[in-house]
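Any read-out appearing in this document is the output of simple, stated calculations on the displayed coordinates, not a laboratory observation. For clarity, every value in this text was computed on a predicted model and none was experimentally measured. Reconstructed Cβ throughout: ideal geometry from the backbone, glycine too, with neighbour counts over all protein chains shown.
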Amino acid sequence: MAKSQTARGKTPWLVLLLMLLVGAAISAGSMYFFFKQTGVASESDEPIKVVDVRDPTFVTVAPFTVNLRSEGREQRLLYIGLSVQVQDETTKKFLHQYMPQVRSRLLTLMASKTAHELMSPEGKAQLSSDILDQLQLPMAQSQPELNINSVLYTDFIVQ
């Protein structure tokens, strides 16, 4: 009598476990066929592209203050610090070597802006674009191609 009660107690758990395993197998099989039909699981003729992931390289431009173009009689200042993200060491070395010229171009560019232009997100985006344009202009006769990705602001205060 003790054996029959123990066997009856284990039976529901074994049935439940068996149903769970069958359900998992059906689910895995249906997912395989679904992905095979949609082409996700199929092997394509195209080789897998390996993306070369490198650590980002930045060139830091020391923060500086510049007088902004006046909208009237008021004096407005811009305190700005930025970093330039570059793709290669050649560009990084070149920008470090020509940093006085880079800073001079940036000061001249920013002095032509008004505080109102720089206060909006669109103005900051336009300034980034203008900085990229300035950095693409030749600084030397034997200048390598500069691979500059973006301009990132580290400090930006309009007063």
- Note on the structure: As a Kirkwood estimate from alpha-carbon pairs, the stretch 70-130 has a hydrodynamic radius in angstrom of 13.3
- Task: Report the normalised scattering of the stretch 15-159 as log10 I(q)/I(0) at q = 0.10, 0.18 Å⁻¹, calculated by the Debye formula with identical scatterers on the alpha carbons.
- Result: -0.54, -1.05
- Rounded, prolate or oblate: which one fits the stretch 99-159, using the alpha carbon gyration tensor with axes a ≥ b ≥ c (rounded when a/c is under 1.5, else prolate when a/b beats b/c, else oblate)? prolate
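Looking at the stretch 54-159, which GluC sites (Glu not before Pro) are in a loop (DSSP not H, G, I, E or B) and have at most 11 other Cβ atoms within 10 Å? List each step's numbers first, then the result.
Details: sites: 71, 74, 89, 117, 122, 145; in loops: 71, 74, 145.
Answer by residue number: 71, 74, 145.
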